[in-house]
Amino acid sequence: MPEQPAVLIAAISGRALAASARRGGFVPLVADCFGDDDTLALADAHARVSLDAERGIDDAELRNALERLAGAQHSLGIVCGTGFEDRPHLLAWMARRWRLFGNTPETIARLKDPLCFAALCRSREIPHPQTRTERPADTADWVAKRMGGAGGTHVRRLLGPDASGDTTYYQRRVTGHAISALVLGNGSAAIVLGFSAQWPAPAPGRPFRYGGAVRPAPLTRELNAKLVNAVQRLASAVPLIGLNSFDFMVDGDAFWLLEINPRPGATLDIFEPRQHSLFGLHVAACRGALPEKAPNLADAAAACIVYADRELRSVPRLAWPAWAADRQRSGSSLRSGDPFCTVLACASTPDAASEIVKQRAAAVLAMLDAHRHDELAAH
């Protein structure tokens, strides 16, 4: 039996990529910021790196971590998840050291430059919200975003005095529902693997924080065709490679493309096919191969992030249910608002799957509360 190839994975959270890599016959060597129980169980080797709420992943720590992982075992190359959209220089360094399975630093810089992306949408006649780098005089219908930000935590309403920096840009708000397309490209062509509907988990100062997603999204056949056409038009202008997500806002028959996340994203869990591996499809696409059609996905699936509702100086030892992932290690410390785990669900309909994950998220927080009450009673 041939030896399974090792692949480096770098991300703020590498668990979903590592799980898909294992399913695809790869050996994951993971550098991420959490080192949760699931990631440690999946990874053949792991290195934890620091994460700053404002500055993101620590560049120097990550470089050292990847060098250690690569030095211990030969790898085919590296796959990057969330955390690098604002630092093409770091991606360029990775690409010089290993084969980069994903979009080039130049493509990522082009897509994450807000004015360049707005011009690209105009050139392809794709609806896109009005975008500018100067703070608008009337801020009522605008939001501020950080260039290269992800997860919705960087998006804020324009209230009070300007506290923006060189990386802030402004986008006019559009109404509707958040819909994301998971797209697989090989540099010359692209296919849509599916659409998901997303919802926020608002927190103080972070009204648009990512909450969860469910697939399939409730789209009419006509709107589905419009969105696929928009993806194809833009993909014909940009050499997209591997897994990407296109984030739309949809209101009736109208839509706007908000941004493209040019890397594997938050919906890997719900789009992982039973007979395939998204990680395997990503690597194959980076080598030029696309499937003739998207893999079949049974029923509906949803995923929801559970955030800590208070500071946890020491995560208790819990009897984790099978439907939980990204489980924080017992003894680790969390601030209020930090991710605590991800909950997953499958059902016959999207509405049912969404309801189940929200119930399961509440059950996790109730489990934490019960543990706290037991501790108080013991003292």
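Tabulated results
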{"quantity": "Residues being in contact with a strand residue (DSSP E or B) (Cβ under 6 Å, 6 or more places away or on another chain) and in a strand (DSSP E or B) - total across the range 244-268", "calculated": "14"}
{"quantity": "Test: residue in the range 97-107 that is aromatic (Phe, Trp, Tyr), at pLDDT 90 or above and under 22 Å from residue 34 (Cα atoms)", "calculated": "no"}
{"quantity": "Options 23, 48, 15, 96; residue that is open to solvent by 50 Å² or more (accessible area, probe 1.4 Å) and out of contact with any Gly (no Cβ under 8 Å at 6 or more places or on another chain)", "calculated": "96"}
{"quantity": "Single residue of the range 199-211 satisfying the filter (open to solvent by 50 Å² or more (accessible area, probe 1.4 Å) and of a type outside the set (A, V, I, L, M, F, W, C)) that is modelled with the lowest pLDDT", "calculated": "205"}
{"quantity": "Residue selected from the range 342-374 under the condition under 28 Å from residue 196 (Cα atoms) and of a type in the set (Asp, Glu), by the criterion least open to solvent (accessible area, probe 1.4 Å)", "calculated": "355"}
{"quantity": "Residue within the range 112-124 that is touching an Asp or Glu at 6+ places or on another chain (Cβ under 6 Å) and either modelled with pLDDT of 95 or more or within 24 Å of residue 268 (Cα to Cα) (or both) present", "calculated": "yes"}
{"quantity": "Failed criterion for residue 90 (all others in (1) without any contact (Cβ under 8 Å) to a residue 40 or more places away in the chain; (2) in contact with an Asp or Glu (Cβ under 8 Å, 6 or more places away or on another chain); (3) buried (at least 21 other Cβ atoms within 10 Å of the Cβ); (4) not in a strand (DSSP E or B) hold)", "calculated": "(3)"}
{"quantity": "Looking only at the range 71-86, and only at residues there that are more than 22 Å from residue 4 (Cα to Cα) and open to solvent by 20 Å² or more (accessible area, probe 1.4 Å), the one that is modelled with the lowest pLDDT", "calculated": "86"}
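The values are calculated or read from the model by the stated rules, or taken from the named source; none is laboratory data. Just so it is clear, the model here is predicted, and its values are computed rather than measured. Positions of Cβ are generated from backbone atoms using ideal geometry, with glycine treated the same way; all protein chains shown enter the neighbour counts. Side chains included, ligands, DNA and RNA excluded: accessible areas come from the protein's heavy atoms. Shrake-Rupley method; radii C 1.70, N 1.55, O 1.52, S 1.80 Å.
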